[in-house]
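A short worksheet on the structure shown next.
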Amino acid sequence: MLLAFCASYLLYVTCTGGHFSTKKESLIPEQPLGAPESGVAQALSEPATVHGYVAKSGPTKLQYWTPGNRTERHQLFEQWLQAAYGSADPREAGQAVTVTGGMEMRNLPPMYPNCQVLVNHRYKFIYLRHPKSASSSIMTFFSVCAAPTEPQAAAGAAAAQTATGSSAGNASASSEAAAVSSKGQEQQGLGAACLEPLAAQQLSVDEIHRIWREYFVFTVVRNPYQRMLSSYKYLLRKTRAMEECRMVRWDDYCQDPLALGRMCQENPSCCPLPAGFYWHHVIDQGRCLETEEGGWAVDYVATVEKFDEDMEDIIMQINGRRAEGLPPLSEVTGPLGKQNEARGAGAASKVCSEGAAAGEPPQPEQTRVLVPTKGWVAYNATVLLDRYCESADYFSGSHQHCLARAQHFYSTDFSRLYQQQQQPGQQPLAEAR
């Protein structure tokens, strides 16, 4: 069984002597990087040092997001899960037992389910989306394209054939066809700058490379510590509060960010959404920003910490590149603001404020409470009764080990986004139209 697993896992590990030997890009450092000397609070507030314009060299690795690689991604991840959590000896699964008895991952899990690559062909830009990195704000601003109807899809195919005189079409015609087929609510009004998955469009490798060269590609990244904590609070609310559902506490999650997804996989009745939803929210940011050769797959790296000023820059670039006759983004987009800034913070803030006013110290444990959840699905949710007043409290004191765990699991984010010297890219445009 081990040999069969190794044969299909060659992208990530090689097998030697019955054990796993990890390739450099998949290996999480064997020793924790240690607590930052500058202090926990500063570490959690530090934005990525790679910021602004970078030198784009090509598309995100195709195996991480294209439809043709979907089955392989799913198989590799399932095999990794089986080896990581189903092995009698965890050290054979690319993990090691820590002195506290917990599990310490040595190998990054394979990319699953995919990097999110979203495109707008009308304004010619691509957005690489990372959950819990202001993605809701971006999607609200640009909007999501309506699914094309059959007549719209047919019109798109006809446009490609008319432009080229053939059924195959060429690269430019394919892009135009995609724009026509995804019109939905666009019509030169709200929705004209809407985003849709590039993976949903049947494009050749050459077409993908051409689009990536011609379009403005940007992303928004977030401090990995803050993103890890935000993901936990968000995903915990997406679990049902029932006696048969085990409680995944913060210390469990920081030790293994896949824990909530595994709980959902083992007991689907505990979760209103499939396990893949929970796993998708813990994908690192760094791997989705790399090309096959290790270069940058974006023109611009924005940060959550400098969101407003970075979005001004991004909007300027998209406006400056727009085709003749297209209105500026301000006429076709929604409101711009951090959509999740205050969401779900009411009860937590109240508890924290009351405790602070009474001079009480933060409580060391979080509590599960039952709350009715409003929305498209009704269930009693598990929420974090947040008695900590500062995010740093989750990485301090009895939780100090969570610093090293975050550095292990998000090692690609730290190595990719927190470089000592940034190689700046060239600003495409001097001013917006």
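Quick one: would you say ILE126 is crowded, with 20+ Cβ neighbours inside 10 Å and assigned to a strand (DSSP E or B)? The answer is yes for ILE126.
Taking region 226-253 as the range and being open to solvent by less than 10 Å² (accessible area, probe 1.4 Å) and of a type in the set (Ser, Thr, Tyr) as the test, the residues that pass are SER231, TYR232, THR239, TYR253. Looking across region 209-233, the residues that are of a type in the set (Val, Ile, Thr) and closer than 26 Å to SER415 by Cβ come down to VAL217, THR219, VAL220, VAL221.
Inside region 225-257, residues that are under 14 Å from the mean Cα position of the chain (by Cα) and not in a helix (DSSP H, G or I) make up a count of 1.
Restricting the search to region 174-202, which residues are surrounded by 20 or more Cβ atoms within 10 Å (Cβ to Cβ) and at pLDDT 85 or above? Matches in region 174-202: ALA192, ALA193, CYS194, LEU195, GLU196, LEU198, ALA199, GLN201.
When GLN317 is tested against (1) over 25 Å from PRO224 (Cα atoms); (2) open to solvent by 40 Å² or more (accessible area, probe 1.4 Å); (3) at pLDDT 95 or above, exactly one condition is not met: (2). Kindly evaluate ALA302 against the criterion of being among the small types (Gly, Ala, Ser) and crowded, with 21+ Cβ neighbours inside 10 Å. Answer is yes for this residue.
The values are calculated or read from the model by the stated rules, or taken from the named source; none is laboratory data. Since the structure is predicted, the reported quantities are computational estimates derived from the model, not experimental observations. Here the Cβ is made from the backbone with ideal geometry for all residues, glycine too, and neighbour counts use every protein chain on show. Protein only, heavy atoms only, side chains kept; ligands, DNA and RNA dropped before computing areas. Shrake-Rupley method; radii C 1.70, N 1.55, O 1.52, S 1.80 Å.
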